[in-house]
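One structure below.
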Amino acid sequence: MSAHPAQNSAVAVTGVGILTPLGDTLAAVCDALTAGRTSIAPEESPVPFVGSRFADFDATRYANVRGMRVYNRTTRLGICATRLALVDAGLIDSGFPGERLGVIMASTFGHLDTLIEYDRSLVANGPSRTNPALMPLAIPSAPGAAIALSFGAKACSITLADGGASSLDALGLGVRLVRDGRVSACVVVAAYGLIDELILSAKRAGQLAGAGEFLVFDERSRGTAFGEATVALVLERAGDARERGARSKAFVGGQASTFSSSHEGMIEALTSACRQALRLSATTPDELGLVLSGANGTQATDTIEARALLSLLGGVSRQPAVAAIKSSLGESEDASGLLSAASAIATLTGGLAPPIVGLGQPLVTGLRYLTQAEPVERGHALITATSRTGACSALVVSREAHVD
Amino acid sequence: MKRRVVITGCGALTAAGSTLDSLWAALLSGKSLLGTVTNFACPEIDVLSGAEVQIPGSDPLPESVDSDAFRARCCHIALVAARSAIAHAGLAPHAQALAGAGVVLGSTMAEERQVGDLSARWVKQGSDSVDGGFLDRVDNHKLAASIASEIGLSGPVLLNATACSSGNAAVAWAFDLVADGTTDVMLAGGADTFTHVVFCGFTRMSALSKTVCKPFDKNRDGVSFGEGAGIVVLEELEHAKARGAHILAEVVGYGLSNDAYHVTAPEPNGAGFVRAMEQALATSDTSPGDIGYVCAHGTGTLYNDQGEVRAMKAVFGDAAATIPISSIKSTIGHTNGAAGAIATIACVLALAHQVVPPTANLVEPDPEFGMSFVTGEGRKVALSACLNMSAGFGGSNVCVLIARAP
């Protein structure tokens, strides 16, 4: 049976790799999310904070690649997620040509701990007493380059550094490169490993919530909480995937990026990004079953997210469920949009939409916030993300490929 | 249906100055602007050699970006180039023609100086040196966001960190966003400044030239760095015509690949470059015979020179020996993430003047190559299309094809 041409050229997700403190498979993570579990807890060392960190993370349990020993935590996390995604897509040891495999990494801070270690040693000890092997790993492109090198990805190796909007922007770029035929299979990967200096800075800026103070979309929240995580998605044209016998789990539709440097402006910018992403997906707000928001517990971000969604969904008769998985996993910066995309895929393909853990007093009313897990009937999910620098990004994930 | 994408503005801040005339004069002179660096120091290295930028006094760093211009120098340089680019395009900040416009900025090291600033204080104060503003200052996206804030952009604002191919990659992504109708106007380019990592790291790897950068010369001895920024304004053809913009050139395609060979070394046979070049040609319906100038990555290292020349021979065949080739890195230094963007501007100028600029310091071309390197002075040519090559640490290759204005 031949599929409609649009279904062949639609960009499908054929592999998912995910590691969070709540689990190391998509099913395990989503079960935990729908059960309302959270990984956010007080962490003691070396910088005390409330957040979410992998306990005893051992990369070699998931992947064993050359050079793993010298890579930093974010890079190791990304390598693990990439391998899991490639295995899930049936692309490991499959003979798939490396010349057709690309890697796009969402990484704003992924190199930073190596850079801090290297630069601090240069200043304190001088170049002659500093490990030269750290140098090429200290640049922003290093984690993505290491992942591409580890899996022989020769079609492209690209790093986008757009803060919290990075991974949705990276997905958008991945869709474009796959759709245009520049890459046949593209791993879009993001990882967020905690870095003490960033935790310390955020604490001193008053951005981090204390124990029991982290809530999302809730007026009682007193800040955000950082959470480690990594996730990778494999994108392919649906027709290509079908040809090699791979299953399309879901389809990535339109993605749009906008910007404003002001708080008020970001509400409008995020609304605009959502509208553009829906238009590119030939989808209307009425057709949305789920919104996975990038709200993170700070008053500023939660207000922007909620008011943008109110503006988008105000006239919609059947309000989609609004969820925010950061309430369970914390703010994972570069990885957050991809985590939401993975959660959306699980929800649209038979799972339940996850509740917003602890939400009791909404900061902004008028949205159908999910406080209990529920199934989603309509087949489209909207995902939103923002950066602290003003970038806004939105993306649509669908159960079925769009047919013109 | 892809739309045509033209270049309507260029802004460059390099060791040659802040105007296109000064850049073109420097490139044509065949002389190197490499000298002793005075605005930056590294531990244990007494004298740094590089091509240093003088930021015009009339181009201040906004206090809102950072109170410390030294540590925010990359951002400052990028802003100066962006201001020049939109002025050159006949646009003003917040102009109606910029509605929905965005920017893609590339950088290799981005905000590394913010880490250098922290390191200097950490040595004395330990963890007390980490202040509440560090997280925001070290966020590399700030480079693109600062441009967007100042120019008044509301479209895609992306920071591409793809090592030293970042500048070309930025032009490529921006090209796609205009070509597919996402926006009518995009700024694209790159910026980088001197950092500890660049000087100390390359010194320890013995990749830094002890003399001056001499691309493709048999006596080459490594890279010489420069700081700088290059920004171009990309615009949909009809949009540019409708506002009466002066069209400088057309971006007709790009190609990308990755070596996946080594953390620092390029693939010796140039196979990655070949794939990027072939993709650029194929996606733009350009034949190898249309290329009148190859603006080479040309860093002055043996591995780069060999791989790049092998790739050109593989793609162009016998014609490789006759296509004019030069590298601008021996004039203004290797500007890392800005290099591809400034080279794009060099291609625009070459097309406008129908002259290929020479490679400074190239005195004795490596006899193994047998290529048509332009040396000494500019070469008059009938030029319709240029291929701009770039490569980065980790193996990322991006080639951009730039043609005469339609």
If I filter segment B:389-403 for residues that are more than 14 Å from chain A (Cβ to nearest Cβ), at pLDDT 95 or above, buried (at least 24 other Cβ atoms within 10 Å of the Cβ) and assigned to a loop (DSSP other than H, G, I, E, B), do I get at least one hit?
no
Assess whether A:Ile79 counts as being assigned to a helix (DSSP H, G or I), within 14 Å of another protein chain (Cβ to nearest Cβ) and closer than 19 Å to A:Ala342 by Cβ.
yes
Restricting attention to segment A:102-112, which residues are under 15 Å from A:Arg182 (Cα atoms), facing chain B (nearest Cβ under 9 Å) and either hydrophobic (A, V, I, L, M, F, W, C) or surrounded by fewer than 24 Cβ atoms within 10 Å (Cβ to Cβ) (or both)?
A:Val103
B:Glu52 meets each of (1) under 20 Å from B:Asp192 (Cα atoms); (2) charged (D, E, K, R); (3) in contact with a helix residue (DSSP H, G or I) (Cβ under 7 Å, 6 or more places away or on another chain); (4) more than 9 Å from chain A (Cβ to nearest Cβ) with one exception, condition (3)
Could you tell me whether A:Ile383 is crowded, with 19+ Cβ neighbours inside 10 Å and either acidic (Asp, Glu) or over 13 Å from the mean Cα position of the chain (by Cα) (or both)?
no
Candidate set: segment A:191-218, residues that are at the interface with chain B (Cβ under 7 Å from one of its Cβ atoms) and in a helix (DSSP H, G or I); chosen: the one surrounded by the most Cβ atoms within 10 Å (Cβ to Cβ):
A:Ala202
Elements of type helices (runs of 4 or more DSSP H) contained in segment B:238-337, each with 1 or more residues being among the aromatic types (Phe, Trp, Tyr) and touching a helix residue (DSSP H, G or I) at 6+ places or on another chain (Cβ under 6 Å):
B:271-283, B:302-316
Could you list all residues from segment A:292-304 that are touching a Leu at 6+ places or on another chain (Cβ under 7 Å) and under 25 Å from A:Leu352 (Cβ atoms)?
A:Ser293, A:Gly297, A:Asp302
Please determine, by comparing only the residues of segment A:113-141 that are crowded, with 24+ Cβ neighbours inside 10 Å and either in contact with a Gly (Cβ under 7 Å, 6 or more places away or on another chain) or of a type in the set (Gly, Ala, Ser) (or both), which one is nearest to B:His141 (Cα to Cα).
A:Ser141
Restricting attention to segment A:113-141, which residues are free of Cβ contacts under 8 Å to residues at least 12 places away in the same chain and within 7 Å of chain B (Cβ to nearest Cβ)?
A:Arg120, A:Leu122, A:Val123, A:Ala124, A:Gly126, A:Pro127, A:Ser128, A:Pro132, A:Pro136
Quick check on this structure: which one of B:Asp318, B:Asp366, B:Asp305 is on the phi < 0 side of the Ramachandran plot and free of Cβ contacts under 8 Å to residues at least 24 places away in the same chain?
B:Asp318
Being closer than 28 Å to A:Glu117 by Cα and in contact (Cβ under 8 Å) with a residue 24 or more places away in the chain narrows it down to one of A:Ala205, A:Ala211, A:Ala185, A:Ala225, so name that one.
A:Ala225
Can you find a residue that is over 17 Å from the mean Cα position of the chain (by Cα), within 14 Å of another protein chain (Cβ to nearest Cβ) and buried (at least 24 other Cβ atoms within 10 Å of the Cβ) anywhere in segment A:322-343?
no
Could you count how many residues in segment A:288-336 are charged (D, E, K, R) and more than 26 Å from A:Phe109 (Cα to Cα)?
2
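A quick yes/no check of all residues on (1) surrounded by fewer than 23 Cβ atoms within 10 Å (Cβ to Cβ); (2) aliphatic (A, V, I, L, M); (3) within 14 Å of another protein chain (Cβ to nearest Cβ):
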| site | (1), (2), (3) |
| --- | --- |
| B:Asp221 | yes, no, no |
| B:Ala229 | no, yes, no |
| B:Val233 | no, yes, no |
| B:Glu236 | yes, no, no |
| B:Arg243 | yes, no, no |
| B:Val251 | no, yes, no |
| B:Leu256 | no, yes, yes |
| B:Asp259 | no, no, yes |
| B:His262 | yes, no, yes |
Identify the residue in segment A:166-190 that is of a type in the set (S, T, N, Q) and surrounded by 24 or more Cβ atoms within 10 Å (Cβ to Cβ) and, among all such residues, is nearest to A:Ala246 (Cα to Cα).
A:Ser167
Would you say B:Ala188 is crowded, with 24+ Cβ neighbours inside 10 Å, more than 8 Å from chain A (Cβ to nearest Cβ) and assigned to a strand (DSSP E or B)?
yes
At least 1 residues that are aliphatic (A, V, I, L, M) and facing chain A (nearest Cβ under 9 Å) in each: list the helices (runs of 4 or more DSSP H) lying fully within segment B:65-180 that qualify.
B:112-125, B:134-137, B:142-151, B:166-179
Would you please name the residue that is nearest to B:Gly333 (Cα to Cα), looking only at residues in segment B:344-365 that are in a helix (DSSP H, G or I) and of a type in the set (Gly, Ala, Ser)?
B:Ala346
So which of B:Phe273, B:Phe202 is without any contact (Cβ under 8 Å) to a residue 60 or more places away in the chain and of a type in the set (Phe, Trp, Tyr)?
B:Phe202
Pairs returned, first residue in segment A:294-307 that is at positive phi, second residue that is in a loop (DSSP other than H, G, I, E, B), beta-carbon separation under 7 angstrom, 6 or more apart or interchain, are A:Gly297/A:Ala209; A:Gly297/A:Phe214; A:Gly297/A:Leu215; A:Gly297/A:Val216; A:Gly297/A:Ser221; A:Gly297/A:Gly223; A:Gly297/A:Ala225
With the checklist (1) in contact with a His (Cβ under 8 Å, 6 or more places away or on another chain); (2) surrounded by fewer than 24 Cβ atoms within 10 Å (Cβ to Cβ); (3) modelled with pLDDT of 95 or more in hand, flag the one item B:Cys164 doesn't pass.
(2)
Restricting attention to segment B:14-63, which residues are without any contact (Cβ under 8 Å) to a residue 12 or more places away in the chain and either part of a helix (DSSP H, G or I) or in contact with an Asp or Glu (Cβ under 9 Å, 6 or more places away or on another chain) (or both)?
B:Asp21, B:Ser22, B:Ala25
I want to confirm something. Restricting to segment B:90-127 and keeping residues that are in contact with a strand residue (DSSP E or B) (Cβ under 9 Å, 6 or more places away or on another chain) and of a type in the set (S, T, N, Q), which single residue is surrounded by the most Cβ atoms within 10 Å (Cβ to Cβ)?
B:Ser107
Name the residue, out of A:Gly144, A:Gly163, that is under 27 Å from A:Gly51 (Cα atoms), at the interface with chain B (Cβ under 7 Å from one of its Cβ atoms) and crowded, with 24+ Cβ neighbours inside 10 Å.
A:Gly163
For B:Val251, work out the one condition from (1) touching a Phe, Trp or Tyr at 6+ places or on another chain (Cβ under 8 Å); (2) closer than 26 Å to B:Pro365 by Cα it doesn't fulfil.
(2)
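The values are calculated or read from the model by the stated rules, or taken from the named source; none is laboratory data. Remember, it's a predicted structure, so these values are computed and weren't measured experimentally. We place every Cβ from the backbone using ideal geometry, glycine too, and count neighbours over all the protein chains shown.
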